[in-house]
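The values are calculated or read from the model by the stated rules, or taken from the named source; none is laboratory data. Values in this document were obtained by computation on a predicted structure and should not be read as measured data. FYI the Cβ positions are ideal-geometry reconstructions off the backbone, even for glycines, and counts take in every protein chain you see.
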Amino acid sequence: MPQQTEPKDDEKLDETLADSFPASDHPANTVHTGVGSGSGSSNSPGTSGIRDNRAESRFELTRDGQTAILVYNRTPKSLVLVHTEVPPALRGHHLGEALVKAGVEAARAEGLSIIATCPFAREYLRKHPA
């Protein structure tokens, strides 16, 4: 009888990403597939064009008249990543990843710890621990 093996960590993560947040980029649209962000030839999401809208407690990235967001709660000691939303027309360009990356960079710059309650942000951070 063939022995059943456990899925690799990346496969488990992709399954979790697919189930964790329907508004996030589909796991097939990752750096590994070569799908770019639409900004030059780089396949990794950057943080240019992302705005920290403190009045709305969210990071925003607007493209083609639509806005992708990462909602957060800022405390004196932490930045809590609450909800990532990417409009359907903007999916597949790593915008959710770029928003989480911007949140991490902002937290580091302010000396805040990061708490990810958003399933997409949590899985992104698990996949990109640096």
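Here are a few things to note about the model shown:
- Scan the range 82-92 for residues that are under 11 Å from the mean Cα position of the chain (by Cα) and outside any strand (DSSP E or B) and the total you get is 1.
Yes/no per residue for (1) in contact with a Lys or Arg (Cβ under 9 Å, 6 or more places away or on another chain); (2) aliphatic (A, V, I, L, M); (3) within 16 Å of Glu123 (Cα to Cα):
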site: Arg54; (1), (2), (3): yes, no, no
site: Ile69; (1), (2), (3): yes, yes, no
site: Pro76; (1), (2), (3): no, no, no
site: Val100; (1), (2), (3): no, yes, yes
site: Val104; (1), (2), (3): no, yes, yes
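- From the list Ser41, Ser57, Ser78, the lone residue that is more than 14 Å from the chain's Cα centre (by Cα), at pLDDT below 50 and hydroxyl-bearing (Ser, Thr, Tyr) is Ser41.
- Matching residues, the range 110-125, being surrounded by 21 or more Cβ atoms within 10 Å (Cβ to Cβ) and small (Gly, Ala, Ser): Ala116, Ala121
- Within the range 60-72, the residues that satisfy the criterion of being assigned to a strand (DSSP E or B) and either touching a residue at least 60 places away in the same chain (Cβ under 8 Å) or farther than 15 Å from Arg108 by Cα (or both) are Glu60, Leu61, Thr62, Arg63, Gln66, Thr67, Ala68, Ile69, Leu70, Val71.
- Whichever residue in the range 105-130 is among the hydrophobic types (A, V, I, L, M, F, W, C) and in a helix (DSSP H, G or I) and, among such residues, is farthest from Glu85 (Cα to Cα): Ala109
- Test: residue in the range 14-26 that is aromatic (Phe, Trp, Tyr), at pLDDT 95 or above and either on the phi > 0 side of the Ramachandran plot or within 12 Å of the chain's Cα centre (by Cα) (or both): no
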